[in-house]
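J.: Can you read through this structure? Questions will come right after.
FYI, it's all coordinate maths here, none of it is from the lab. In this text, all values refer to a predicted model and were calculated from it rather than measured experimentally. When we count neighbours, we look across all protein chains shown, and the Cβ atoms used for this are built from the backbone with ideal geometry, even at glycine.
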Amino acid sequence: MGEREHSGKIALVTGASRGIGRAIALRLAREGAKILCASRSLASSASTVEAIRAGGGEAEPLAVDVSQSVAVQLACEEILGRQGRVDILVNCAGINRDNLLLRMRDEEWDAVVATDLSSCFHWTRHLCRPMVRNRWGRIITIASVIGLVGNGGQANYAAAKAGAIAFTKSVARELASRNITANAIAPGFIETDMTAALPEAIREKIRSQIPMDTLGSPEDVAHAVAFLASEQARYITGHVLNVDGGMVMA
Ligand code: NAP
């Protein structure tokens, strides 16, 4: 992959303010893409935008609640009106609201499904139209190994991530003939705010299930995204790439 693999491309990264999304935004910017950094508020994306600009890259912040269909639609209309297209879409924004099934509230289910699954549908359906017209596009969705194997206390998250994987495979089939690839990445446990909240005993237990014996970094995921977005990955679509230190081997 050349240093400026993504020159001239416009990439939209949701969840770009922190963790994995931030690492993806920085990585694609370093390789020349202009990055639209979406998160809940302009304030939260500001530091990623500043870091990209400080490195000589191009970036803009975008405040969108990805769980809201209308908010995503308006954002897409505004972006397409101004930029004409998005070449690389990275669906990364996500939350978890863990609870045992017997205690899980409607709000916990609905919030996770809206943020981690429905958002992928909303962004993809609006932004794929110009990709189809241009006969080029990359759609990359950050799922999770939990969407492959399930997890106690995470029925909502597991269902949303499994749905995101099945959505990706269907999109891949629909858009393959237009030179648009759709792939999912299934991270294992990555050091971010999402996992920082776990008690030490749980982290130890998780580590013991990872053959590589360590949590991953956001950059580990960003490397995989950069590859799937590149020209070298032009013949890979409908794939789920685990980035998990060997945790789930299938
Ligand atoms: P994180 O550090 O908690 O960051 C979450 C990001 O999503 C933030 O940028 C946040 O924006 C954004 N976001 C959340 N809800 C949003 C909403 N309604 N509208 C707009 N933006 C929203 O999470 P992370 O660990 O980097 O995870 C990123 C993705 O990887 C998620 O989809 C997660 O499920 C997945 N993943 C993570 C791990 C892991 O171990 N960390 C493992 C597997 C998969 P604000 O800053 O504005 O809140």
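J.: Using Cα springs under 10 Å in a Gaussian network model of the chain, which residue among ARG40, ARG103, ARG53 shows the largest mean-square fluctuation?
T.: Looking only at ARG40, ARG103, ARG53, the largest GNM fluctuation is found for ARG103.
J.: Please determine, in degrees from 0 to 90 and to the nearest 10, the orientation of helix 69-83 with respect to the longest principal axis defined by the Cα atoms of the chain, where the helix direction is its Cα long axis.
T.: Rounded to the nearest ten degrees, it is 30.
J.: So, one more: Could you work out which residue, out of SER208, SER119, SER17, moves most in a Gaussian network model of the chain, that is, has the largest mean-square fluctuation with Cα springs under 10 Å?
T.: Of the options given, SER208 has the highest mean-square fluctuation.
J.: Can you find, among GLY137, GLY216, MET249, the residue sitting farthest towards the positive end of the charge dipole of the chain, where Lys and Arg contribute +1 and Asp and Glu -1 at Cβ?
T.: Value: GLY137.
J.: Given the Cα-Cα distance of ARG85 and ARG207 and 0.36 nm per residue of separation, how much length would full extension add, in nm?
T.: Working: separation 122, 0.36 × 122 = 43.92 nm, distance 4.14 nm.
Here the answer is 39.8 nm.
J.: With angles folded into 0 to 90 degrees, how steeply does helix 42-54 sit against the dominant principal axis of the chain? Use alpha carbons for both and round to 10.
T.: Between helix and principal axis, roughly 60 degrees.
J.: With θ taken as phi - 60° and the coefficients 6.51, -1.76 and 1.60, list the Karplus ³J(HN,Hα) couplings across region 33-38 in order, rounded to whole Hz; mark glycine and proline as x.
T.: Values, residue by residue: 6, 7, 10, 9, 9, 9 Hz.
J.: Taking springs between alpha-carbon atoms closer than 10 angstrom, which of VAL240, VAL70, VAL225 fluctuates most in the Gaussian network model of the chain?
T.: Of VAL240, VAL70, VAL225, the Gaussian network model singles out VAL70 as fluctuating most.
J.: Output wanted: per-residue J couplings in Hz (rounded whole) for region 233-238, from phi through Karplus 6.51 cos²θ - 1.76 cosθ + 1.60, θ = phi - 60°, x for Gly and Pro.
T.: 9, 4, 9, 10, 8, x
J.: Taking amide H positions as placed in the peptide plane 1.01 Å from N, state which residues far from THR141 in sequence (5 or more) or on other chains have amide H under 5 Å from it.
T.: ASN91, ASN183, ALA184, ILE185
J.: Just to be sure I follow: if Rg is taken over the C-alpha atoms of region 162-214 and Rh is the Kirkwood radius over the same atoms, what is Rg/Rh? Mind dumping the intermediate values first?
T.: Working: Rg = 16.5 Å, Rh = 13.7 Å.
Expressed as Rg/Rh, it is 1.21.
J.: Among VAL90, ASN151, LEU80, flag the residue with its Cα farthest along the positive direction of the charge dipole of the chain, charges on Cβ as +1 for Lys/Arg and -1 for Asp/Glu.
T.: LEU80
J.: Given Cβ point charges of +1 (Lys, Arg) and -1 (Asp, Glu) and nothing else, what value in debye, to the nearest 20, does the dipole of region 88-216 about its Cα centre take? Display every interim value, and only then the final one.
T.: Values: 15 positive and 12 negative charges, 169 e Å.
About 820 debye.
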